[in-house]
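A short worksheet on the structure shown next.
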Amino acid sequence: MMKVRLWGVRGSIPCPGPTTVRYGGNTACIELRVGDDERLFIIDAGSGIRQLGDYLMKNDLPKGPIRTKIFLSHTHWDHIMGFPFFTPIFIPGSELEIYGPVTYEDEGLDRIVGDQLRYRYFPVKHSELAAKITYHPMKERSMELGDGLWLTTKYLNHPILCLGYRFEYKGKVFCTAYDTEPFRNVFPEDPEDPNYDSAAAEEGALAAREENEKILRFFQGADLLIHDSQYTLEEYKNGKIGWGHSSFEYAINAAHKAGVKKLLLFHHDPNRSDDQLEAIVDEYRSKITGKSGLIIEIAREGSLYSI
């Protein structure tokens with residue numbers, strides 16, 4: 001069995017307050033437990049990882065040192081900002097392996113994540129941490145994580161390198177696909193455009209189509225998919241193309257095409273209130289009722305899913 005608990009579901013910046021209290025105001029952090037011994041894995045270290053750390057100190061540390069792998073989708077600040085406040089890094093005996101994509105090869109993952117812990121930003125230096133921390137640059141690959149758990153990674157469409165994660169265990173699949181937007185043709189397709197080139201336009205369209213098909217195959221048949229849905233389609237088309245985030249409509253359509261069983265809409269816009277989220281998603285649910293077996297839910301901080 002895999003158990004997935006959400007500790008942070010918002011995008012861009014933490015947004016606590018009365019309008020976000022139902023679904024939560026922390027940025028991305030997901031806890032994954034696998035098997036009877038509930039092996040711990042963490043996906044992203046946004047502000048939600050602070051509360052996860054407190055939970056681990058109370059519930060896991062009494063059983064022995066905390067050992068876990070942290071998989072970062074990418075290194076934008078909202079996905080790593082909670083790391084300095086993750087209490088296990090200050091506890092002797094803790095062992096953390098941190099994996100993630102590196103966009104700028106001259107700076108390793110240790111610098112990108114660890115440089116938050118410098119005196120100019122934080123009162124404790126990375127070199128002063130008590131935990132044993134190792135860093136591993138991650139690319140597209142498949143890897144066996146022990147006891148029959150497999151992880152496959154896939155590059156997504158974001159301004160910097162970003163990975164989706166697909167965990168497979170005893171016939172069950174849990175998949176993440178954020179921060180991402182549909183791949184698109186980067187060459188002009190309008191013959192009236194002065195930069196139009198028919199061969200380039202055709203090649204670009206083919207490349208975009210192939211990448212979008214790869215994404216669908218990546219979360220094909222997932223029991224649980226957590227997918228980016230920061231914008232409505234109208235918002236996306238009106239100035240957000242190229243920002244690296246998807247619309248509700250795209251996430252729902254893609255999950256339906258891929259035969260996903262349950263979709264969690266994730267990475268909520270910090271300006272979107274809980275009431276607005278519910279109104280939007282209720283409308284989409286009504287449109288697919290009777291047309292799809294897909295279950296749609298709004299990612300809610302603290303929610304636990306067993307698959």
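Every number here is computed from the coordinates shown, using simple stated rules; none is lab data. Worth saying up front: this structure is predicted, and the values here are computed from it rather than measured. Ideal geometry is used to build each Cβ from the backbone, glycine not excepted, and the neighbour counts take in all protein chains shown.
Odds and ends about this structure:
- Pairwise FRET efficiency - E128 versus K3, Cβ, R0 = 35 Å, nearest 0.05: 0.55
- Per-bin percent of Cα-Cα distances, the stretch 62-167 [10 Å]: 14, 43, 33, 10, 0
- For the chain, the Rg and Dmax computed from alpha carbons only, in angstrom: 19.7, 68
- Summing Cβ point charges (Lys, Arg +1; Asp, Glu -1) relative to the Cα centre of the stretch 41-88 gives a dipole of roughly 220 debye.
- For the options L145, L56, L265, a Gaussian network treatment of the chain with springs between C-alpha atoms closer than 10 Å singles out L145 as fluctuating the most.
- Choice from H268, H136, H74 with maximal GNM fluctuation in the chain (Cα, 10 Å cutoff): H136
- Computed over the chain with a Gaussian network model linking Cα atoms closer than 10 Å, the most mobile of A222, A199, A251 is A199.
- Placing unit charges on the Cβ atoms only, positive for Lys and Arg and negative for Asp and Glu, gives the stretch 2-306 a dipole magnitude near 1260 debye about its Cα centre.
- Remark on Y135: its backbone amide H falls under 5 Å from those of I98, a criterion applied only to residues 5 or more positions apart or on other chains, H modelled at 1.01 Å from N.
- Within the chain, the whole DSSP H helices whose Cα atoms reach 24 Å or more along their own axis and whose mean Kyte-Doolittle score is at least -1.0 are 198-218.
- Shown here for the stretch 174-265: GluC sites (Glu not before Pro) in loop regions (DSSP other than H, G, I, E, B) with at most 15 other Cβ atoms within 10 Å, namely E189, E192.
- If R0 equals 30 Å, the separation of the Cβ atoms of D193 and T103 corresponds to a calculated FRET efficiency of about 0.50.
- Under the combined filter of DSSP loop state and at most 15 neighbouring Cβ atoms within 10 Å, the stretch 192-228 retains these chymotrypsin sites (Phe, Trp or Tyr not before Pro): Y196.
- Its Cα centre serving as origin, the stretch 161-307 has a Cβ charge dipole (Lys and Arg +1, Asp and Glu -1) of approximately 980 debye.
- Here the simple spin-label model places points 7 Å from the Cα toward Cβ, and for R141 and E95 these points are separated by 1.9 nm.
- When the charge dipole of the chain is built from unit charges on Cβ atoms (+1 for Lys and Arg, -1 for Asp and Glu) and taken about the Cα centre, the candidate among N253, I226, N59 whose Cα reaches farthest toward its positive end is N59.
- Using every pair of separate Cα atoms, the Kirkwood estimate puts the hydrodynamic radius of the stretch 118-248 at 17.7 angstrom.
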